[in-house]
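The block underneath contains the structure these notes are about, expressed in structure tokens.
The values are calculated or read from the model by the stated rules, or taken from the named source; none is laboratory data. All figures in this text were calculated on a predicted structure; none of them were measured in a lab. Cβ placement follows ideal geometry from the backbone for every residue including glycine, while neighbour counts extend to all protein chains displayed.
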Amino acid sequence: MQEKLNQLQQKIEEAKLGGGEKRIEAQHKKGKLTARERLELLFDKGSFQEMGMLVQHRSTNFGLDKQKFLGDGVVTGYGKVAGRLVYAFSQDFTVLGGSLAEAHAEKICKIMDLAMKNGAPVIGLNDSGGARIQEGVVSLGGYADIFYRNTLASGVIPQLSAIMGPCAGGAVYSPALTDFILMVENTSYMFVTGPNVVKTVTNEDVTAEELGGADTHAAKSGVTHFACANEVDAINHLKQLISYVPSNCEEEAPRLAYIAGNESREKLNNIIPENPNQPYDIREVIAETTDSDTFLEVHKDYAENIVVGFARLAGRSIGVVANQPSVLAGVLDVNSSKKGARFVRFCDAFNIPLLVFEDVPGFLPGTDQEWNAIITNGAKLLYAFCEATVPRVTVITRKAYGGAYDVMNSKHIGADMNFAWPSAEIAVMGAKGAAEIIFRKEISEAADSAAKLKEKEAEYAELFANPYNAAVRGYVDEIIKPDQTRERLIRAFEMLENKVDNLPKKRHGNIPL
Ligand code: HXC
């Protein structure tokens, strides 16, 4: 028996060495952790259970018969993250560049299938040269098996992807099908075709970092939701994300204990500037309203005119969507509509109530916006709110103009409780623009046109730049003092705790993609 035990121990050690000490050293030199080190950081101490440690590739082409690695370049298994079941795979770049082949893909599919059957999140730690070139179509098939499972699992279990190294070619599409992507600055990149192909086809000179590094995808393309300073930061972000989401679509997100106290927040009374055209940072409103230091901003550097993220309110996990008056006056445009819509749909899929802060002057005008389909893209956000059945509450802090009033979680499209601050202005458009249109003749014929415009502007503002017309109709449920906001929100979400709302029976809707 001792001999057999020794043999087993030898195999375990061989598997743990992956591609060998030299390659592990090279990985560390690049500032990267190994696949196993990452899993150790992610899971609660000692809780990770590996599966398929001894799996090997089957191909014998191009010398692969002489080079066999236990585990086939990916570590897969399950364990506990803050005490909750999570499945994970972690690609091992030291083995054939973490390339994905038949056996490698089968291991990933196995844990995805288990995750679906057991209703728990899957985390992918990606670090791979893509399809294993020696295995040909079998590698491509392996990717497709994963894509298929990603899609079936979408909306059933949360799927998170951390990009810890290269992620190129079709390999990018598995992360793209998951709910959140995190990238590590300077050591990870994602692109469909790399700099060399780009140079050949478009004659552009671009580095891998510029083309598909973390900052590029965080700020320009919006492909990644988080750009993390290093791998430890990325893993901490994964844990934070997991803490806000339920294990599957049938469950509620974990709730922290909360002892009610004085919920009045005086500071909120002083955030809105006297001048309605002056900006302020909506993050201050979010920070004052939600539980201290709980706001986890998603897509922070992309379409900054809308702010989205997770927070806690009296211990309950909520999704926050807020116009940002300090960037482009908080207008809705193509990118902010897409960003908002994606977040709303995630929250709705996973039973996370939605809190909306509204201060929006409307949709952004211009050829750039029209030609980039603000119509279709704006409709995404509208559609996402319309079909959301989770508890939904809105606070109008200042402007709620035009179509954006309808879109930003108005009562008309299914919001449950709508509050407005006394500073709210709810109208078809701003007073100046309105006066210029409806009093055009009177203004042009006046002896002093500028004075007439001012007079008519004031007249319109007096009538519409307030929340009272909306409150009279019941479009706003209550006009509240800003300092009462937190207390009202806690009460509203408590009241909505058992909300049941069903959409009409259908195969699926047709969101304007
Ligand atoms: C087999 C691979 C590999 C791959 C890397 N390796 N990528 N082996 N298939 N796809 C091996 C290398 O041969 C090398 O082995 C080891 O991994 C480390 O690679 P290096 O090149 O030394 O590392 P580095 O300098 O860090 O460069 C990393 C890299 C580069 C940028 C990822 O390896 C690379 O360009 N690889 C090819 C990328 C690619 O074109 N993949 C296919 C994409 S298309 P040794 O033994 O020398 O250490 C695709 C289609 C998917 O993925 C379609 C799904 C729909």
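For the range 441-476, enumerate the residues that are among the charged types (D, E, K, R) and in contact (Cβ under 8 Å) with a residue 24 or more places away in the chain. Lay out the reasoning, then the answer.
If we filter the range 441-476 for residues that are among the charged types (D, E, K, R), which is where we start, we get 441-442, 445, 448, 452, 454-457, 459, 462, 473.
Selection gives GLU457, GLU459.
Step by step: first the residues of the range 48-98, then only those that are surrounded by 15 or more Cβ atoms within 10 Å (Cβ to Cβ) and among the polar types (S, T, N, Q), then the one that is nearest to the ligand (Cβ to nearest atom). Which residue is that?
Applying the filter and picking the extreme gives THR94.
Got a sec? Which of LYS338, LYS300 is part of a loop (DSSP other than H, G, I, E, B) and either modelled with pLDDT of 95 or more or in contact with a His (Cβ under 7 Å, 6 or more places away or on another chain) (or both)? Outline the logic, then answer.
On the way: LYS338 fails: part of a loop (DSSP other than H, G, I, E, B).
The match here is LYS300.
Say we look at the range 150-206 and pick out the residues that are of a type in the set (A, V, I, L, M), within 14 Å of the ligand (Cβ to nearest atom) and farther than 18 Å from ILE123 by Cβ; which of these is surrounded by the fewest Cβ atoms within 10 Å (Cβ to Cβ)?
My answer is VAL197.
List pairs: first residue in the range 126-146 and in contact (Cβ under 8 Å) with a residue 24 or more places away in the chain and more than 16 Å from ALA168 (Cα to Cα), second residue more than 9 Å from the ligand (Cβ to nearest atom) and of a type in the set (Ser, Thr, Tyr) anywhere in the structure, Cβ distance under 7 angstrom, at least six positions apart or on different chains.
Sorted first by the residue in the range 126-146, then by its partner, the pairs are GLN134/SER59; GLU135/SER59.
Kindly list, by first and then second residue, each pair from a residue in the range 339-357 that is closer than 18 Å to ASP301 by Cα and of a type in the set (Gly, Ala, Ser) to a residue that is at pLDDT 95 or above and assigned to a loop (DSSP other than H, G, I, E, B), limited to pairs with Cβ atoms under 9 Å and residues at least 6 apart or on different chains.
Cβ pairs passing all conditions: GLY340/ALA303; GLY340/MET408; ALA341/ILE511.
Can you tell me which residues in the range 362-404 are of a type in the set (Asp, Glu) and under 22 Å from the mean Cα position of the chain (by Cα)?
Once the filter is applied, which keeps residues that are of a type in the set (Asp, Glu) and under 22 Å from the mean Cα position of the chain (by Cα), the range 362-404 yields only GLU387.
Would you call LYS66 more than 17 Å from SER161 (Cβ to Cβ) and without any contact (Cβ under 8 Å) to a residue 24 or more places away in the chain?
Here the answer is yes, as LYS66 does meet what is asked.
Filter the range 257-296 down to residues that are of a type in the set (Gly, Ala, Ser) and part of a loop (DSSP other than H, G, I, E, B) and give me whichever is surrounded by the most Cβ atoms within 10 Å (Cβ to Cβ).
Here the answer is SER264.
Is it the case that ALA260 is under 24 Å from GLY165 (Cβ atoms) and more than 16 Å from the ligand (Cβ to nearest atom)?
no
Has the range 100-123 got any residue that is buried (at least 23 other Cβ atoms within 10 Å of the Cβ), under 25 Å from GLY31 (Cα atoms), touching a residue at least 60 places away in the same chain (Cβ under 8 Å) and near the ligand (Cβ under 9 Å from one of its atoms)?
Checking the range 100-123: at least one residue is buried (at least 23 other Cβ atoms within 10 Å of the Cβ), under 25 Å from GLY31 (Cα atoms), touching a residue at least 60 places away in the same chain (Cβ under 8 Å) and near the ligand (Cβ under 9 Å from one of its atoms).
Consider the range 8-23. How many of its residues are within 15 Å of the ligand (Cβ to nearest atom) and surrounded by fewer than 20 Cβ atoms within 10 Å (Cβ to Cβ)? Walk me through it before giving the result.
So the first thing to find is which residues in the range 8-23 are within 15 Å of the ligand (Cβ to nearest atom), and the list is 17-23.
Pick out the ones that are also surrounded by fewer than 20 Cβ atoms within 10 Å (Cβ to Cβ) and you get 17, 20-23.
Residues meeting the conditions: 5.
Look through ILE443, ILE426, ILE479 and report the one residue that is among the hydrophobic types (A, V, I, L, M, F, W, C) and under 28 Å from ALA379 (Cα atoms).
ILE426
Residues being modelled with pLDDT of 90 or more and either in contact with a Ser or Thr (Cβ under 8 Å, 6 or more places away or on another chain) or under 30 Å from ASP416 (Cα atoms) (or both): count how many of those fall in the range 435-461.
2
Yes/no per residue for (1) of a type in the set (Lys, Arg); (2) assigned to a helix (DSSP H, G or I):
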position	(1), (2)
GLU462	no, yes
ASN466	no, no
ASN469	no, yes
GLU487	no, yes
ILE490	no, yes
GLU494	no, yes
LYS505	yes, no
ASN510	no, no
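If you scan the range 165-174, which residues turn out to be within 18 Å of the chain's Cα centre (by Cα) and within 20 Å of THR34 (Cβ to Cβ)?
Within the range 165-174, no residue meets the criteria.
Can you tell me which of GLY31, GLY46 is on the phi > 0 side of the Ramachandran plot, without any contact (Cβ under 8 Å) to a residue 24 or more places away in the chain and not charged (D, E, K, R)? Show your work before the answer.
Working: GLY31 fails: without any contact (Cβ under 8 Å) to a residue 24 or more places away in the chain.
Exactly one of GLY31, GLY46 is on the phi > 0 side of the Ramachandran plot, without any contact (Cβ under 8 Å) to a residue 24 or more places away in the chain and not charged (D, E, K, R), namely GLY46.
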